[in-house]
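Asker: Take a look at the following structure, please.
The values are calculated or read from the model by the stated rules, or taken from the named source; none is laboratory data. This is a predicted model, so every value here is computed, not measured. Here the Cβ positions follow ideal geometry from the backbone for every residue, glycine too, while neighbour counts run over all protein chains shown.
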Amino acid sequence: MSKPRLTREQIAARAALELPDGACVNLGWGIPNLTAAYVPHGVTVYFHSENGILGMGPRAPKGQEDFDLVDAMKVPVTLVPGASFFAQEDAHVMTRGGHLDVCILGGLQVSERGDLANWRVPGARGAGGIGGAMDIAVGAKRLIVTMEHTSKEGARKIVKVCDYPLTALECVNTIVTDLAVIDVTPQGLTLREVAPGFTPEEIQSFTEPELHYSGQVPEMFASTSKN
Amino acid sequence: MTQKSKIFPSVDAVVADIPDGASIVFGGFGGAGFPNNLIQGLARKGSKNLSVISNNCGTGEGELGILFKNRQIRHVTAAFPGPGATYFQEQFDKNEVELELVPQGILCERLRAHGAGIPAFFSPVGVGTEIAKGKEERVIGGRRCILERSIGADYAFIKAFRADQLGNLVFRKGARNFNPVMATAAKTTIVEVEEIVEVGALDPEVIVTPFIFVHRIVVAKGLRYV
């Protein structure tokens, strides 16, 4: 009975359309990391890694890996022309200092005001881990969160107020999910696009705060292949 | 070279005086740039009750893992303990090790501040989150900020690619990561390198860590845990 939503890859492919040509971009773990494979033809972006790389290219081919040249997920990568190496503290001068054009992070909850919770599920075992997420969320010129619109149990993840441990306050600009593209504005949440086959009313039913929209809401791009 | 030689004959010799209760910062991130030979030496030495600072808490027995397995660590300051840090997680769940979780960029900056003689600074990172608990908050330039204190250690264990005999260091690609800032934040910085070259052999334009921050050098071929 439930209609198909976008896949994780399709969320990533839609998020990739938000990247302007020439942008310096940091991608978080999970769906954000998949975005790199979907940068549109004719668009050049420079991927940043917290360990001190600006200008990461695709994953290194098998047999040509250099394990000193890895991304933040330990994956051996390559470099694009114009790439540079620097130290971790300078990588975070870039994050916190507002030098990265777009950052894409995963999310557990996003609030109506754009607060983000993305580093620990309450009650989960283990210590959790913040990594670079707080520095990135505070400093990004534009922060996009990619995530499934609801949890596996069906709970709404776009909420009035986050009750999960927070990453940063009022930091999210755009949310790209398997159901919608939503912008966080001073007036509240604006529904920009809906997944193919879904109505704005259906998206609202999966979203706790009120969504603003008027007239026909366009459908999201749903990729069928890698670029 | 008129400075006293910093070059030690072996890994065991270079860590031989690390006392129980020492504080140590460790370089490394994403499997690259960890001083794994020094860590293995410290495991053999057996110093206990250590207070350590590192981005993460090991991968199985690799990286810091062996020190947790041997129960040598009492307190750890980290940004991302990591899903592979099995020995740390086990002890954390039983309250057998203390953890201070710190945002990664703030960890860098607190180390940098210590090395630069700055006792504390205000930052917007972590405002309104668990990280802000117990910290002074102020509005500066219209932005909510919290007071972060600098953090240093008795020893820094770092990994560089190459040193000259004075201790000037160059690094390799993403293995640079935390190593240069950590070198500035300890009373005694110990570096393991792949090779040592003559003074003057490194181009001054490419030296990342000047020798003033380096106190002991040992040659050890890279150990890696992927």
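Asker: Return the residue satisfying two criteria in turn: it lies in region B:9-30 and is touching a strand residue (DSSP E or B) at 6+ places or on another chain (Cβ under 6 Å) and in a loop (DSSP other than H, G, I, E, B), and of such residues it is modelled with the lowest pLDDT.
Answerer: Among those residues, the one meeting the criterion is B:G30.
Asker: Among the residues of region B:156-182, write down those that are more than 9 Å from chain A (Cβ to nearest Cβ) and either β-branched (V, I, T) or free of Cβ contacts under 8 Å to residues at least 40 places away in the same chain (or both).
Answerer: B:I158, B:V170
Asker: Could you tell me which of the residues A:E50, A:E65 is out of contact with any Gly (no Cβ under 8 Å at 6 or more places or on another chain), acidic (D, E) and within 14 Å of another protein chain (Cβ to nearest Cβ)?
Answerer: Just one listed residue meets the conditions, A:E65.
Asker: Quick one: A:T199 ticks every box in (1) at pLDDT 95 or above; (2) surrounded by 11 or more Cβ atoms within 10 Å (Cβ to Cβ) except a single one, so which number is it?
Answerer: The single condition A:T199 does not satisfy is (2).
Asker: Let me ask something additional. Is it the case that A:P81 is modelled with pLDDT of 95 or more and either facing chain B (nearest Cβ under 9 Å) or part of a loop (DSSP other than H, G, I, E, B) (or both)?
Answerer: no
Asker: In region A:145-170, which residue that is surrounded by fewer than 23 Cβ atoms within 10 Å (Cβ to Cβ) and part of a strand (DSSP E or B) is farthest from the other protein chains (Cβ to nearest Cβ)?
Answerer: Step by step, filter region A:145-170, then rank; the result is A:T150.
Asker: Next up: Test A:V121 against the criterion of being under 16 Å from the mean Cα position of the chain (by Cα), over 23 Å from B:A32 (Cβ atoms) and more than 12 Å from chain B (Cβ to nearest Cβ), and give yes or no. Steps first, please.
Answerer: Details: under 16 Å from the mean Cα position of the chain (by Cα): no; over 23 Å from B:A32 (Cβ atoms): yes; more than 12 Å from chain B (Cβ to nearest Cβ): yes.
Here the answer is no, as A:V121 does not meet what is asked.
Asker: Right, another one. Which residue pairs have Cβ atoms closer than 7 Å, lie 6 or more positions apart in sequence or on different chains, and pair a first residue in region A:17-31 that is over 14 Å from A:N118 (Cβ atoms) with a second residue that is at pLDDT 95 or above and of a type in the set (S, T, N, Q)?
Answerer: From residues that are over 14 Å from A:N118 (Cβ atoms), the pairs are A:E18/A:T174; A:D21/A:T44; A:G22/A:T44.
Asker: Check region B:127-142 and report whether any residue there is away from chain A (no Cβ under 14 Å) and surrounded by 13 or more Cβ atoms within 10 Å (Cβ to Cβ).
Answerer: No, region B:127-142 contains no residue that is away from chain A (no Cβ under 14 Å) and surrounded by 13 or more Cβ atoms within 10 Å (Cβ to Cβ).
Asker: Go through the residues of region B:98-116 one by one and say whether even a single one is in a loop (DSSP other than H, G, I, E, B), within 12 Å of another protein chain (Cβ to nearest Cβ) and crowded, with 20+ Cβ neighbours inside 10 Å. Steps first, answer last, please.
Answerer: Applying the first criterion (in a loop (DSSP other than H, G, I, E, B)) to region B:98-116 yields B:102-103, B:116.
If we keep only those that are within 12 Å of another protein chain (Cβ to nearest Cβ) too, we end up with B:102-103, B:116.
Keeping just the survivors that are crowded, with 20+ Cβ neighbours inside 10 Å gives B:102-103.
Within region B:98-116, one or more residues are in a loop (DSSP other than H, G, I, E, B), within 12 Å of another protein chain (Cβ to nearest Cβ) and crowded, with 20+ Cβ neighbours inside 10 Å.
Asker: Another question, then. Output the residues belonging to region B:183-217 that are within 20 Å of B:A153 (Cα to Cα) and within 14 Å of chain A (Cβ to nearest Cβ). Reasoning before the result, please.
Answerer: Keep residues of region B:183-217 that are within 20 Å of B:A153 (Cα to Cα), which gives B:183-192, B:209-217.
Answer for region B:183-217, where residues must be within 20 Å of B:A153 (Cα to Cα) and within 14 Å of chain A (Cβ to nearest Cβ): B:A183, B:T184, B:A185, B:T209, B:P210, B:F213.
Asker: Now for a separate question. Specify which of the listed residues (A:D178, A:D115, A:D101, A:D135) is away from chain B (no Cβ under 13 Å), within 30 Å of B:N177 (Cα to Cα) and modelled with pLDDT of 95 or more. Full working, then the answer.
Answerer: Numbers: A:D178 fails: within 30 Å of B:N177 (Cα to Cα); A:D115 fails: away from chain B (no Cβ under 13 Å); A:D135 fails: away from chain B (no Cβ under 13 Å).
Matching residue, one of A:D178, A:D115, A:D101, A:D135: A:D101.
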